[in-house]
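What follows is one structure encoded as structure tokens, with my remarks underneath.
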Amino acid sequence: MAGEIHTSTDYIKHHLQNLTWGQHSDGTWGLAHTAQEAKEMGFWAFNLDTLGFSVVLAVIFFFLFHRVAKKATTGVPSGAQNFVEMIVDFINDSVRGSFSGKNDLVAPLALTIFAWIFLMNLMDLVPIDWIPGLAGMVGLPFLKVVPTTDPNATFGMAIAVFALVLYYSIKIKGVGGFVGELTLQPFGKWALPINLFLEGVTLISKPISLALRLFGNMYAGEMIFILIAIMYGSGLMMGSFAGILQLGWAIFHILIITLQAFIFMTLTIVYLDMAHQEHH
Amino acid sequence: MNINATLIGQSISFFLFVWFCMKFVWPPLMVALNERKKNIADGLAAAERGRQEHELAERHAKDVIREAKDEAANIIAQAQKRSSEIVEEAKNEAKAEGDRLITAANAEIDQEINRAKEALRGQVVSIAVAGASRVLKQEIDEKAHNELLEDLVAQI
């Protein structure tokens, strides 16, 4: 809560804390009011802000796209349909470019990933005190607006993608084929443990790199916005300088958020493509 | 910053959204896009076909015009030939008619001449008889010499 903030450190910590809902140490369920409380809740707790914002953003996205898709005409497209078709065409081209197999899931998956991550990243451009400030007035202790700065969100998506990779690897190559791929290369069957170690690392690194890349980029961006925001409190000169900095960083950040969404999407397509290939 | 059950929630919502996208968003858009692509391709093909047909029609029209010109020239030539023929025929007919008229006139003239000759002959006889009778009135008895006179008339 705004009243508790005295130092820059407090301000930063406050902005990096999720709104967590879980079981308190005394056995009751409720919101965590300090970072300590949130930590004590353990695994079975939910970051309501991450889940809420991500779901709301996805719903907005699907509302817009579904409305256009329902009325999609084959004639001359109107403004909204034009925009949607542009994105869909772009995704479709990307999928055709990197995915060689035949799977009706991949293109919609890519569209969902791209649009969803882009929208979640886009929340980073909202001035960082606006929404948490409003939430503070309502009485919420913490609020983190950008879901992709929460590792839970990025890991959640990366694990989902990983599950799809495992599913299609086994479905296309069979259990034997998949296990063989993990154990019999690159050194042949006499070096089985080494093979398993190398291939295992390769496999596990896929979701981890996916999740950490997105999380790291967005977390760093968010942190810079927070640091710029601290400067507003230190006089007129620093404040106006901070305004220019924030504008510059926001403009640069537009590139980053789009790029990160695109990278997540492209890597997902590539990983699924690898899962569909029998032999490399 | 704690890893907690948000992870699971995020994964579940992710799958739900992908499913929704796959079911309700992607297919209708792709159908529309592909159909438009096909329409455009068809339109372009039709335009190409139309262009070729137009070219063909133009060539055909040129042929027709050339044929028509030839035919018109033919007809004009024939008409000229025919007209000169007609003039020639008319000339010949007129000449023949003239000749016929001249012959008829000549025949009539001959007839008139003969008739006049006959009349003159009769009158000459009667004048000769009258003259002779005046000369011979006294000496010749009409009754006695009637036979002789009639013989004379027949001779003339």
- Item | Odd one out for A:Asp49 among (1) outside any helix (DSSP H, G or I); (2) within 11 Å of chain B (Cβ to nearest Cβ); (3) among the acidic types (Asp, Glu) | (1)
- If we keep only residues of the range B:4-48 that are among the β-branched types (Val, Ile, Thr) and surrounded by 15 or more Cβ atoms within 10 Å (Cβ to Cβ), then the residue nearest to A:Gln23 (Cα to Cα) is B:Thr6
- On the given criteria, is B:Asn74 among the polar types (S, T, N, Q) and within 14 Å of chain A (Cβ to nearest Cβ)? no
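This table checks each residue for (1) under 29 Å from A:Ala153 (Cα atoms); (2) modelled with pLDDT of 95 or more; (3) within 7 Å of another protein chain (Cβ to nearest Cβ).
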| site | (1), (2), (3) |
| --- | --- |
| B:Met1 | yes, no, yes |
| B:Ser11 | yes, no, yes |
| B:Met22 | yes, no, yes |
| B:Pro27 | yes, no, no |
| B:Ala32 | no, no, yes |
| B:Ala47 | no, yes, no |
| B:His60 | no, yes, no |
| B:Ile65 | no, yes, no |
- Could you pull out the residue among A:Gly216, A:Gly233 that is on the phi < 0 side of the Ramachandran plot and open to solvent by less than 40 Å² (accessible area, probe 1.4 Å)? A:Gly216
- Item | Hey, B:Glu55 more than 30 Å from A:Gly156 (Cα to Cα), exposed (fewer than 15 other Cβ atoms within 10 Å of the Cβ), away from chain A (no Cβ under 11 Å) and not hydrophobic (A, V, I, L, M, F, W, C) or not | yes
- Long-range neighbours under 7 Å by Cβ, at least six apart or interchain, first residue among the aromatic types (Phe, Trp, Tyr) and at pLDDT below 85 within the range A:173-189, second open to solvent by 30 Å² or more (accessible area, probe 1.4 Å) and assigned to a helix (DSSP H, G or I): A:Phe187/A:Ile194
- Determine the pairs where a residue that is part of a helix (DSSP H, G or I), located within the range B:101-124, has a partner that is surrounded by 10 or more Cβ atoms within 10 Å (Cβ to Cβ) with Cβ atoms under 8 Å apart, the partner being 6 or more residues away or on another chain. B:Arg121/B:Ile156; B:Val124/B:Ile156
- Message: If I ask for residues that are charged (D, E, K, R) and open to solvent by less than 100 Å² (accessible area, probe 1.4 Å), which ones from the range B:59-69 would you list?
- Response: B:Asp63
- Message: Just checking: which of the helices (runs of 4 or more DSSP H) contained wholly in the range A:56-172 hold 1 or more residues that are surrounded by fewer than 17 Cβ atoms within 10 Å (Cβ to Cβ), modelled with pLDDT of 90 or more and within 14 Å of chain B (Cβ to nearest Cβ)?
- Response: A:79-98
- Item | Any chance A:Ala38 is part of a loop (DSSP other than H, G, I, E, B) and at the interface with chain B (Cβ under 9 Å from one of its Cβ atoms) | no
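The values are calculated or read from the model by the stated rules, or taken from the named source; none is laboratory data. What you are looking at is a predicted structure, and each value in this text was computed from that prediction instead of being measured. Reconstructed Cβ throughout: ideal geometry from the backbone, glycine too, with neighbour counts over all protein chains shown. Surface accessibility is based on the protein's heavy atoms, side chains included, excluding ligands, DNA and RNA. Shrake-Rupley method; radii C 1.70, N 1.55, O 1.52, S 1.80 Å.
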